[in-house]
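See below for the structure under consideration.
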Amino acid sequence: APYKALPKLESGPKGLPLMYVPMVRKGKPEAPAVEVHVHEARLGEAPDTGDSDSGMHSPDAIMNIVKATDFASHKHHFQRRKDPEGTPYIEHPVAVAHILTHLGKVSNPVVIISALLHDTVEDTDTTFEEIEREFGPRVRSVVEELTDNKHMTRDERKRCQILHAPHSSHEAKLVKLADKLHNLRDIERSLPVNWTEERKTQYFNWARDVVQGLRGTNAPIEAELDALFAKYCTPREGRENE
Ligand SMILES: Nc1nc2c(ncn2[C@@H]2O[C@H](COP(=O)(O)OP(=O)(O)O)[C@@H](OP(=O)(O)OP(=O)(O)O)[C@H]2O)c(=O)[nH]1
């Protein structure tokens with residue numbers, strides 16, 4: 001279904017100063033009123049490091065993160081996970097964003113928004129044009145990197161992920177790492193319907209091959225992945241978890 005964004009409450013011509021009114025507690029404002037400048041383009045100007053917190057404190061970054069959560073929950077509304085409980089799908093992108101912020105200590109809004117949106121084009125009627133219109137070209141580009149080509153066979157898609165991982169942008173690598181960690185944690189928690197133990201091992205082995213191409217991106221997330229690989233992957237003689 002088409003996504004209808006709420007009109008911005010703070011709307012005004014881009015770049016024009018708006019008055020930020022501080023919260024008032026016990027008759028005293030928490031902070032003096034300040035002027036903030038709304039630049040929709042700021043997301044597109046974020047630095048390339050992927051984990052910088054530049055821009056994180058800007059009101060428009062926070063608003064766009066909430067908007068992406070709302071967008072994803074709208075788009076994934078009817079979708080369920082493959083677990084026997086039929087968990088609402090939206091739990092996955094929200095958990096991926098949470099892994100990035102809390103375990104990975106990532107606060108680049110482009111990465112967090114891309115994590116929230118990473119399955120919308122692959123799994124729903126969302127288009128890349130829609131993502132760009134609502135969230136800008138940087139987010140579109142990262143989501144494009146994270147979207148499997150549905151015209152390929154399953155085996156081709158899986159092979160492509162291994163081949164493309166090392167060539168991904170830093171932002172996409174971060175989301176991929178967190179995506180894999182959440183999917184693996186989910187499988188450990190509850191095997192998807194009709195999955196055998198053999199398929200579980202195959203998935204863990206394949207995920208280890210993808211993660212191999214993402215290494216050196218985020219130490220805490222990679223450490224959690226390594227602990228799971230050590231537990232569930234087929235050991236590689238003399239090359240443990242390579
Ligand atoms: N672990 C787990 N995965 C679930 C569940 N429900 C849906 N999925 C999705 O299923 C995919 C993994 O299942 P597969 O059978 O290997 O892949 P396929 O759906 O593409 O054929 C993942 O998507 P993907 O975008 O293909 O991710 P990935 O394969 O790139 O990691 C994952 O997000 C669930 O309950 N547990």
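No lab work stands behind these numbers, since they all come straight from the coordinates. Being a predicted model, the structure only gives us computed values, none of them experimental. Every residue, glycine among them, receives a Cβ derived from its backbone with ideal geometry; neighbour counts consider all protein chains shown.
Summary of computed values
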| quantity | calculated |
| --- | --- |
| The stretch 69-109: C-alpha gyration tensor shape, a/c 1.5 cut-off, then a/b vs b/c | oblate |
| Neighbourhood charge, 10 Å Cβ-Cβ cut-off, centred on SER141 and excluding it, Lys, Arg +1 and Asp, Glu -1 | -2 |
| As computed over the stretch 91-242, the Cα convex hull volume per residue (Å³) | 120 |
| Trypsin sites (Lys or Arg not before Pro) restricted to DSSP loop in the stretch 162-241 with at most 15 other C-beta within 10 Å | ARG236, ARG239 |
| Selection from THR196, GLN161, VAL143, by position along the positive dipole direction of the stretch 137-242 (Cβ) | VAL143 |
| Long-range HN-HN contacts of ARG80 with modeled amide H, under 5 Å | TYR89 |
| FRET efficiency, 1/(1 + (r/R0)^6) with R0 25 Å, evaluated for GLU237 and THR201 via beta carbons | 0.95 |
